[in-house]
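To start, the structure under review is shown below, and the notes come after it.
The values are calculated or read from the model by the stated rules, or taken from the named source; none is laboratory data. All values reported here derive from a predicted model rather than from experimental measurement. Ideal geometry is used to build each Cβ from the backbone, glycine not excepted, and the neighbour counts take in all protein chains shown. SASA here: full protein model, heavy atoms, side chains in, ligands and nucleic acids out. Shrake-Rupley method; radii C 1.70, N 1.55, O 1.52, S 1.80 Å.
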Amino acid sequence: MISVIVPVRNGMPWLEQQLRALSEQQCQEPWEVVVADNGSTDESRLVVQEWASLSHMIRLVDASNAKGAGATRNAGVGVARGELLAFCDADDVVQPGWLTAHVLALAEADASGGVVDFWSLNGLATPSPPSYAPPPAVSQFGFLPAAMSCNLAVRRRAFEELGGFAKDLMTGEDYDLCWRLQLSGHRYVLSTDAVIARRDRQGFRAVFSRFTAYGRCGPALYRRYKAEGLRRELTVAARTWVWLAVSSPRLLRPEFRAHWASVAGWRIGRLVESVRQRVLFL
């Protein structure tokens, strides 16, 4: 059996779209969906209960005491029945064939990542031809490949061997898990057939806030993995800071703002967390 773990906290109105997409998956293996609710105050719990009443494959678990997304996913795994574990987010939409693609990938590996459609749910033009984005771990860190937790599958044996997602990481726990798996001898693969449509809030403030959160994972991961070969790229960081300053007048152009906000948020997140972690990883 494969168990799909979906962490949620106030996931409406998008949660129902994800549950529908999951319920429509075609997979020869038996499977279930475990929704781990991290203290929702909207109608998320009620919606999951309604779906569970219609399908024995969908279950709800109370994860209101879990701190962070990683701990919430661990709570879902705790009640899951599957020997294979797949993870996706409540506000994204898995595409047809997503579950089968991960099952096939795990036939030859212990963990698999998938690719992302960034346009369908964000009002962006469809690339021609469509080009799905792989996880950016290597380009971001120059280290080992890793999946994002919105599109990840792991063999339960390997997951439990390493203790699941790190509970002390509030961001970057997905990269951390994938790196620990590989460094302990487990195989990771990328499945280009495991596609999810990702929903990202648009606008300067939303983009800046999201990338600031992403950037904060860098110093924490560097502290953990510098002995394993994760390196700082201070020259690249310095050039990026110069570019941010030089290009700031272009913020008057609406089409440029989101890109600038993503780069600035990423670097500011690293700067803030470097101070907190007492490391230099800009």
Open item on the list: Can you compute the charge dipole magnitude of the chain about its Cα centre, using +1 on each Lys and Arg Cβ and -1 on each Asp and Glu Cβ, nothing else charged? Give it in debye, rounded to the nearest 20.
Closed with: 1460
- [ ] On a C-alpha basis, how far is the centre of segment 176-217 from the centre of segment 52-67 in Å? Whole number, if you could?
- [x] 24
Open item on the list: Restricting to Cα pairs below 8 Å that are 6+ residues apart, what does the relative contact order work out to for segment 130-252? Please round to a whole percent.
Closed with: 25
- [ ] Please identify every one of the GluC sites (Glu not before Pro) in segment 1-41 that sits in a loop by DSSP and has no more than 11 other beta carbons within 10 Å of its own beta carbon.
- [x] Glu24
Task: Selected from Leu85, Gly114, Gly97, residue furthest toward positive end of dipole (segment 66-127; charges at beta carbon) - done: Leu85
TODO: Kindly sort Phe143, Phe211 by accessible area of their heavy atoms, largest first, with the probe set to 1.4 Å.
DONE: Phe211, Phe143
- [ ] Filter the GluC sites (Glu not before Pro) in segment 38-94 to those in DSSP coil with at most 14 other Cβ atoms within 10 Å of their Cβ, and list the result.
- [x] Glu83
- [ ] Compare the Cα positions of Leu271, Ile58, Asn38 along the charge dipole of the chain (+1 at Cβ of Lys, Arg; -1 at Cβ of Asp, Glu; about the Cα centre) and return the one farthest towards the positive end.
- [x] Leu271
Task: 18 Å cut-off, amide nitrogen to a point 7 angstrom out along Asn65 Cα→Cβ, residues in segment 28-48 - done: 36-40
TODO: Filter the trypsin sites (Lys or Arg not before Pro) in segment 214-282 down to the DSSP loop ones having no more than 12 other Cβ atoms within 10 Å, then list what survives.
DONE: Arg231, Arg278
Task: Whole-percent carbon and sulfur share, accessible surface of the chain, 1.4 Å - done: 54
TODO: With everything on Cα atoms, drop me the angle between helix 204-215 and the longest principal axis of the chain, reported from 0 to 90° to the nearest 10.
DONE: 80
Task: Separation of the Met1 and Arg187 label points, Cα + 7 Å toward Cβ, nm - done: 2.7
Task: Computed lengthening from Glu255 to His56, 0.36 nm per intervening residue step minus Cα-Cα distance - done: 67.0 nm
Open item on the list: Quick check for me: using +1 on Lys/Arg Cβ and -1 on Asp/Glu Cβ, what's the dipole size of segment 131-282 about its Cα centre, in debye to the nearest 20?
Closed with: 400
TODO: Name the long-range amide H neighbours of Ala146: under 5 Å, sequence gap of 5 or more, or other chain; modelled H, no Pro or chain starts.
DONE: Ala137, Val138
TODO: On a 0 to 90° scale, report how tilted helix 254-277 is relative to the longest principal axis of the chain, with both axes built from alpha carbons and the result rounded to the nearest 10.
DONE: 90
Task: Helical contribution to [θ] at 222 nm, DSSP H n ≥ 4, -39,500 (n - 2.57), averaged over the chain, rounded to 500 - done: -13000 deg cm²/dmol
Task: Options Asn151, Gly172, Gly185, ranked by Cα towards positive dipole end of segment 124-196, top entry (Cβ charges) - done: Gly185
Task: Computed E for Asp42/Ser139 - FRET, C-beta separation, R0 41 angstrom, nearest 0.05 - done: 0.70
TODO: Write down the accessible area per residue of segment 7-56 in Å², having rolled a 1.4 Å probe over the full set of protein chains.
DONE: 54
Open item on the list: Rounding to the nearest 10 and keeping the result within 0 to 90°, find how far the Cα-based axis of helix 44-54 lies from the longest principal axis of the chain.
Closed with: 30
Open item on the list: Could you compute how much accessible surface Arg199 exposes when probed at 1.4 Å, giving the result in Å² to the nearest 10?
Closed with: 40
TODO: Using Cα pairs closer than 8 Å and at least 6 residues apart in sequence, work out the relative contact order for the chain, in percent.
DONE: 18
- [ ] Can you work out the accessible area per residue across segment 78-138, with the rest of the protein chains kept in place, probe 1.4 Å, in square angstrom?
- [x] 41
TODO: Quick one: among Leu104, Leu252, Leu181, which has the greatest mean-square fluctuation in a GNM of the chain with alpha-carbon springs under 10 angstrom?
DONE: Leu252
TODO: Report the residues of segment 1-37 in range of a label on Ala213: point 7 Å along Cα→C-beta, backbone N strictly under 17 Å from it.
DONE: 6-15, 36-37
TODO: Let me know the charge dipole size of segment 34-116 about its Cα centre in debye, to the nearest 20, where only the beta-carbon of Lys, Arg (+1) and Asp, Glu (-1) is charged.
DONE: 220
